[in-house]
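Report on one structure; see the data block that follows.
The values are calculated or read from the model by the stated rules, or taken from the named source; none is laboratory data. This structure is a prediction, so every number in the text was calculated from the model and none was measured. Note that we place each Cβ from the backbone using ideal geometry, even for glycine, and neighbour counts take in every protein chain shown. Note: accessible area is taken over every heavy atom of the protein model, side chains too, but ligands, DNA and RNA are not part of it. Shrake-Rupley method; radii C 1.70, N 1.55, O 1.52, S 1.80 Å.
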Amino acid sequence: SGFLSKLGVKDTLNGTDLFWNPDGSSEFEFAEKLNGACKLDSAAEFYSRSLARGNDSAMRYLSSDFLDGRPDGILDEDSYRRCYIINKVTDGEYPLVSYHLANHFEHNLRGNPSFKGASATKVVELYKKAQSKGCIRASSRLGLIHQNGLGRMSPNISKAIRAYKKCGKDPDALF
């Protein structure tokens, strides 16, 4: 709260959200500052507002094109923050973003059981969001999670089979 009061404040005035930033920068510049300070939920608000005003920089930043061809695995810090913000601003509209976030959290959970960034439930939720939008790789990862378990989540073979069946005959799905 102290950090945000120095950088920007979200107030309610007559039932309308009013955003302001005391340094006079644009919404996009301010979003970049919040992003750099890892205040991602607040940054998402300013990116969204900048996007609504048609800011080209915001449109480029919030594009999921940077993920095309990206290998699975842990995202670097910039990619993670961008995925998190895109997922927040678009309400999970882009399956590749949800998939990569889930994959990032899954790898962290497998490597570090005390990882605080997300739970196995959040990983499954993100994979399901990507799966519902047609992401075959998400179905495959869900199958593996349900087959082997993740964190405190126990294996469940019937759920694994259902997830694997959603992969169809896709050659990228290894199961």
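Scan the range 68-82 and give yes if some residue there is closer than 26 Å to Y164 by Cβ and in a helix (DSSP H, G or I), otherwise no.
no
Go through the range 156-165 and report how many residues are under 13 Å from V124 (Cα atoms) and either touching a strand residue (DSSP E or B) at 6+ places or on another chain (Cβ under 8 Å) or open to solvent by 70 Å² or more (accessible area, probe 1.4 Å) (or both).
Counting residues in the range 156-165 that are under 13 Å from V124 (Cα atoms) and either touching a strand residue (DSSP E or B) at 6+ places or on another chain (Cβ under 8 Å) or open to solvent by 70 Å² or more (accessible area, probe 1.4 Å) (or both) gives 1.
So in the range 24-42, with the set limited to residues that are under 22 Å from G92 (Cβ atoms) and assigned to a helix (DSSP H, G or I), which one is most open to solvent (accessible area, probe 1.4 Å)?
Looking at residues that are under 22 Å from G92 (Cβ atoms) and assigned to a helix (DSSP H, G or I), I get D41.
May I ask you to verify whether L67 is modelled with pLDDT under 90, closer than 21 Å to S48 by Cα and not polar (S, T, N, Q)?
Yes.
Please identify the pairs in which a residue from the range 100-128 that is closer than 15 Å to R152 by Cβ has its Cβ atom under 6 Å from the Cβ atom of a residue that is crowded, with 23+ Cβ neighbours inside 10 Å and aromatic (F, W, Y), counting only partners at least 6 apart or on another chain.
Taking only residues 6 or more apart or on different chains, the pairs are A118/F105; V123/F105.
Matching residues to (1) at pLDDT below 50; (2) crowded, with 20+ Cβ neighbours inside 10 Å; (3) closer than 17 Å to V89 by Cβ:
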residue	(1), (2), (3)
L4	yes, no, no
P22	no, no, no
A44	no, yes, yes
Y47	no, yes, yes
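Quick one: would you say F105 is open to solvent by 20 Å² or more (accessible area, probe 1.4 Å) and hydrophobic (A, V, I, L, M, F, W, C)?
For F105, the condition - open to solvent by 20 Å² or more (accessible area, probe 1.4 Å) and hydrophobic (A, V, I, L, M, F, W, C) - is not met.
Just to be sure before I move on: is V97 touching a residue at least 24 places away in the same chain (Cβ under 8 Å) and under 18 Å from D41 (Cβ atoms) in the structure I sent?
The answer is yes for V97.
Where the second residue is open to solvent by 40 Å² or more (accessible area, probe 1.4 Å) and part of a helix (DSSP H, G or I) and the first is touching a residue at least 12 places away in the same chain (Cβ under 8 Å) and lies in the range 69-82, which pairs have Cβ atoms under 8 Å and are six or more apart or on separate chains?
The qualifying pairs are D72/R137; G73/H107; I74/H107; S79/F66; R82/F66.
How many residues does the range 147-168 contain that are assigned to a helix (DSSP H, G or I) and of a type in the set (K, R)?
Here the count works out to 3.
Within the range 103-137, track down each residue that is of a type in the set (A, V, I, L, M) and under 14 Å from the mean Cα position of the chain (by Cα).
The answer is A118, V123, V124, L126, A130.
Kindly provide the set of residues from the range 84-132 that are at positive phi and among the basic types (K, R), ordered by number.
Selection gives nothing.
Within the range 125-146, restricting attention to residues that are part of a helix (DSSP H, G or I) and open to solvent by 80 Å² or more (accessible area, probe 1.4 Å), which residue is modelled with the lowest pLDDT?
R137
Taking the range 101-124 as the search range and keeping residues that are of a type in the set (D, E, K, R) and assigned to a helix (DSSP H, G or I), which one is nearest to D91 (Cα to Cα)?
Among those that are of a type in the set (D, E, K, R) and assigned to a helix (DSSP H, G or I), it is K122.
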